[in-house]
1. Sort out which residues of the range A:138-159 are open to solvent by 20 Å² or more (accessible area, probe 1.4 Å) and either part of a strand (DSSP E or B) or in contact with a strand residue (DSSP E or B) (Cβ under 6 Å, 6 or more places away or on another chain) (or both), and write them in order of number.
2. Might you check whether a residue that is touching a Lys or Arg at 6+ places or on another chain (Cβ under 9 Å), surrounded by fewer than 18 Cβ atoms within 10 Å (Cβ to Cβ) and among the polar types (S, T, N, Q) occurs anywhere in the range B:111-121?
3. Determine the pairs where a residue that is within 14 Å of chain A (Cβ to nearest Cβ), located within the range B:133-158, has a partner that is of a type in the set (Ser, Thr, Tyr) and not in a helix (DSSP H, G or I) with Cβ atoms under 6 Å apart, the partner being 6 or more residues away or on another chain.
4. Is one or more of the residues making up the range A:208-221 free of Cβ contacts under 8 Å to residues at least 12 places away in the same chain and outside the structural domain of residue A:156 (by TED's automatic domain parsing)?
5. For the list (1) surrounded by fewer than 21 Cβ atoms within 10 Å (Cβ to Cβ); (2) outside the structural domain of residue A:159 (by TED's automatic domain parsing), I need the number of the one condition that residue A:33 fails.
6. Suppose we filter A:50, A:76 for residues that are touching a Phe, Trp or Tyr at 6+ places or on another chain (Cβ under 6 Å) and of a type outside the set (D, E, K, R); which single one remains?
7. Any residue in the range A:228-242 that is at pLDDT below 95 and either of a type in the set (D, E, K, R) or more than 30 Å from residue B:128 (Cβ to Cβ) (or both)?
8. In the list A:23, A:7, which residue meets the criterion of being out of contact with any helix residue (DSSP H, G or I) (no Cβ under 9 Å at 6 or more places or on another chain), crowded, with 17+ Cβ neighbours inside 10 Å and free of Cβ contacts under 8 Å to residues at least 60 places away in the same chain?
Amino acid sequence: MIARFDYHVPASLDEACALKKEYGNTGIVVAGGSDVYAKMHLGDHLYDHVIDIKKIEDMQGIRWSETEGLSLGAAVTHHEIERHPVIKERYDVLVQGVRTIGSLQVRNRGTIGGNICTAAPSADGIGPLLVLDASCVIHGLGGERTVPLKDFFTGPKQTVLADDEVLVRVTVPTPAPSYGGAYFKYGRRNAMEIALLGISVYLEVADDGKTCSAMRIALGTSAPIPIRAQKTEAYYIGKDLSDRQVVEAASSIILEDASPRNSWRADGEFRRSLLKLLVPRTVRTAYGALTRE
Amino acid sequence: MFKKEINIMVNNEHYVREVAVNRTLLEFLREDLGLTGAKEGCNEGECGACTVLVDGKPVNSCLMLAVEADGSYILTIEGLAKGDLLHPLQQAFIDEGAVQCGFCTPGMIMTAKAILDEYGNPSEKEIRKLMEGNLCRCTGYTRVIKTVKKTAEALAAK
């Protein structure tokens with residue numbers, strides 16, 4: 001049973017922002033509720049006010065064009081993303097990530113905006129968006145601003161959102177016609193798992209088909225917030241990705257980017273070993289997934 | 001607001017009810033409407049025993065408020081049979097012995113129905129992936145998956 005609360009359904013962004021500001025810590029912004037209501041059932045994280053924003057039109061729908069790229073409403077569900085034909089074709093790494101979230105039932109309710117704003121370091125939707133260079137369109141009472149997703153997280157479960165701000169849309173530029181993407185989720189079982197480690201890779205190669213010309217790597221559950229592994233990315237630029245030893249040599253650099261902690265789900269030491277093994281492996285998977293003309 | 005009037009279709013019956021906003025869809029179905037097929041297992045979206053279809057999509061009814069279902073069409077296990085004629089999935093679960101204690105079965109069948117509606121005739125691997133949100137603690141997955149696959153094939157052949 002969920003404890004009693006007052007329920008608000010703002011019809012506009014300004015109304016949602018005003019409510020969020022008014023209720024502060026006593027309120028919670030909810031879309032699909034797959035995290036929030038589960039926590040409220042357990043008795044902690046109780047709120048006096050629930051602000052349900054998923055009916056707001058600006059937060060709806062998936063838009064795409066070659067020039068503008070992809071625009072995901074914050075209230076778009078994970079299942080809408082995994083079934084979208086253009087996303088499947090052009091943004092496959094995002095599909096690989098979101099389809100590991102919860103279950104079909106959870107993906108039918110949970111939203112991409114919720115996944116981002118909950119700001120869990122383990123979020124399966126965030127890593128792929130980080131390597132796809134996504135940005136967050138934020139609305140506040142003072143107007144709108146856009147923040148790169150890599151700058152959105154400020155600490156464990158903390159974001160740049162001010163008291164009066166909500167996430168409206170996530171925009172993702174059109175990826176190169178030929179790129180390789182991969183998401184690897186390490187868990188102890190296949191179903192209903194929270195990632196002990198989540199690795200996302202986006203890479204491009206030069207005309208020779210093997211020299212790395214772009215590399216973006218995101219790590220989940222490897223630091224207090226979802227991060228980009230920038231030193232490892234820099235290592236790969238200009239390297240021959242068809243050479244397995246060259247790819248695996250990054251394992252000596254990856255720990256300069258990551259700082260996994262001990263948690264009840266896994267030891268930091270274990271996560272460090274996994275990173276050294278699995279980051280190069282995910283790079284190899286992404287290289288293998290490269291779409292070749 | 002603490003209470004709200006909702007307008008809802010459940011298994012072809014229309015209801016207009018006032019509900020507390022903190023009432024889950026599962027509590028509304030079980031306690032207000034007496035539809036006890038959907039079960040409360042974990043109350044945190046892990047087990048899937050509470051699965052019902054909202055506008056055709058499987059959801060955990062324990063993680064959805066009744067007020068969020070306002071204006072929706074809900075299908076529960078009670079609405080699946082046509083009179084005495086069981087839905088092919090229900091009949092197949094019986095014929096194949098895909099039921100042990102039965103607690104997870106209503107959720108299993110509702111998820112399976114949604115999968116067959118959306119994906120047609122998915123592979124066994126796809127069925128396993130799509131049904132990962134329905135736990136069985138009698139360890140009866142093998143028969144469940146086979147039964148869903150067999151029903152999908154039978155329906156696709158029609």
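The values are calculated or read from the model by the stated rules, or taken from the named source; none is laboratory data. Remember, predicted model here, so these are calculated numbers, not experimental data. Cβ sites come from the backbone with ideal geometry, for glycine too, and all protein chains shown count toward neighbours. Note: accessible area is taken over every heavy atom of the protein model, side chains too, but ligands, DNA and RNA are not part of it. Shrake-Rupley method; radii C 1.70, N 1.55, O 1.52, S 1.80 Å.
1. Our first condition is that a residue be open to solvent by 20 Å² or more (accessible area, probe 1.4 Å); within the range A:138-159, this holds for A:139, A:141-146, A:148, A:150-151, A:154, A:156-159.
Hits for the range A:138-159 are A:139, A:143, A:144, A:145, A:146, A:148, A:150, A:154, A:158, A:159.
2. Going residue by residue through the range B:111-121, those that are touching a Lys or Arg at 6+ places or on another chain (Cβ under 9 Å) are B:114, B:118, B:121.
Imposing the further condition that a residue be surrounded by fewer than 18 Cβ atoms within 10 Å (Cβ to Cβ) reduces the set to B:118, B:121.
If we keep only those that are among the polar types (S, T, N, Q) too, we end up with B:121.
So far as the range B:111-121 goes, yes, one or more of its residues are touching a Lys or Arg at 6+ places or on another chain (Cβ under 9 Å), surrounded by fewer than 18 Cβ atoms within 10 Å (Cβ to Cβ) and among the polar types (S, T, N, Q).
3. These pairs meet every condition: B:133/A:103.
4. In the first step, residues of the range A:208-221 are kept if they are free of Cβ contacts under 8 Å to residues at least 12 places away in the same chain; the result is A:208.
Applying the additional criterion that residues be outside the structural domain of residue A:156 (by TED's automatic domain parsing) yields A:208.
Taking every residue of the range A:208-221 in turn, at least one turns out to be free of Cβ contacts under 8 Å to residues at least 12 places away in the same chain and outside the structural domain of residue A:156 (by TED's automatic domain parsing).
5. Single failed check for residue A:33: (1).
6. Working: A:76 fails: touching a Phe, Trp or Tyr at 6+ places or on another chain (Cβ under 6 Å).
On inspection, the qualifying residue turns out to be A:50.
7. Taking the range A:228-242 and keeping what is at pLDDT below 95, we get none.
Looking for residues that are at pLDDT below 95 and either of a type in the set (D, E, K, R) or more than 30 Å from residue B:128 (Cβ to Cβ) (or both), one finds none in the range A:228-242, hence no.
8. Working: A:7 fails: out of contact with any helix residue (DSSP H, G or I) (no Cβ under 9 Å at 6 or more places or on another chain).
Exactly one residue qualifies, and that residue is A:23.
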